[in-house]
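S.K.: Before I ask anything, here is the structure I am working with.
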């Protein structure tokens with residue numbers, strides 16, 4: 001195989017890896033990571049940050065009865081594993097102007113674990129009524 005072909009394959013592999021969905025996570029580890037979020041967020045009610053129940057499939061900046069920053073209110077994406085992964089990695093890069101003052105979670109495994117826990121916790125009606 002030529003050097004050019006190897007370089008092209010390496011570039012394609014890097015691009016695919018960058019666009020790949022987050023790895024599967026461990027909800028049990030994610031529950032412990034969510035403790036960091038609990039300073040501003042809750043599952044069932046708004047705090048400094050919006051509630052997380054109903055998160056998956058909801059348009060960003062649209063939780064009922066929560067006043068968002070203009071930047072987040074104008075966001076045009078829905079929350080899913082991929083958009084959460086991107087946002088949790090670096091909130092201010094993903095939504096410039098957001099008032100979420102959290103630096104982000106640089107570790108992809110921690111993000112995957114947190115997303116896995118959010119998926120489980122926000123799907124449980126009992127958790128969302130607390």
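The values are calculated or read from the model by the stated rules, or taken from the named source; none is laboratory data. Nothing here was measured: the structure is a model prediction, and the numbers come from that model. Neighbour counts run over all protein chains shown; Cβ positions are idealised from the backbone, glycine included.
S.K.: Does the stretch 110-130 hold any residues that are exposed (fewer than 14 other Cβ atoms within 10 Å of the Cβ) and outside any loop (DSSP other than H, G, I, E, B), and which are they? Walk me through how you get there before you give the answer.
M.R.: First, pick out the residues of the stretch 110-130 that are exposed (fewer than 14 other Cβ atoms within 10 Å of the Cβ): 123-126, 129-130.
Within the stretch 110-130, 123, 125, 126 meet the criteria.
S.K.: Separate question: Quick test for you: out of 63, 31, pick the one residue that is more than 12 Å from the chain's Cα centre (by Cα) and without any contact (Cβ under 8 Å) to a residue 24 or more places away in the chain.
M.R.: From the options 63, 31, the qualifying one is 63.
S.K.: Got at least one residue in the stretch 67-86 being surrounded by 14 or more Cβ atoms within 10 Å (Cβ to Cβ), under 12 Å from the mean Cα position of the chain (by Cα) and without any contact (Cβ under 8 Å) to a residue 12 or more places away in the chain?
M.R.: yes
S.K.: Taking the stretch 93-109 on its own, how many of its residues are within 14 Å of residue 60 (Cβ to Cβ) and either in a helix (DSSP H, G or I) or in contact with a helix residue (DSSP H, G or I) (Cβ under 7 Å, 6 or more places away or on another chain) (or both)?
M.R.: Looking only at that region, the number is 6.
S.K.: Would you mind telling me which numbered condition in (1) farther than 22 Å from residue 26 by Cα; (2) at pLDDT 95 or above; (3) in contact with a strand residue (DSSP E or B) (Cβ under 9 Å, 6 or more places away or on another chain) residue 76 fails?
M.R.: The one condition residue 76 does not meet is (2).
S.K.: Which of the residues spanning the stretch 94-103 are surrounded by fewer than 16 Cβ atoms within 10 Å (Cβ to Cβ), more than 22 Å from residue 45 (Cα to Cα) and free of Cβ contacts under 8 Å to residues at least 24 places away in the same chain?
M.R.: Across the stretch 94-103, the qualifying residue is only 103.
S.K.: Let me ask something additional. Have a look at 28, 63, 32, 71 and point out the one that is in a loop (DSSP other than H, G, I, E, B) and either closer than 18 Å to residue 100 by Cβ or modelled with pLDDT of 95 or more (or both). It would help to see each step written out before you state the result.
M.R.: Numbers: 28 fails: in a loop (DSSP other than H, G, I, E, B); 32 fails: in a loop (DSSP other than H, G, I, E, B); 71 fails: in a loop (DSSP other than H, G, I, E, B).
When all the criteria are applied, what remains is 63.
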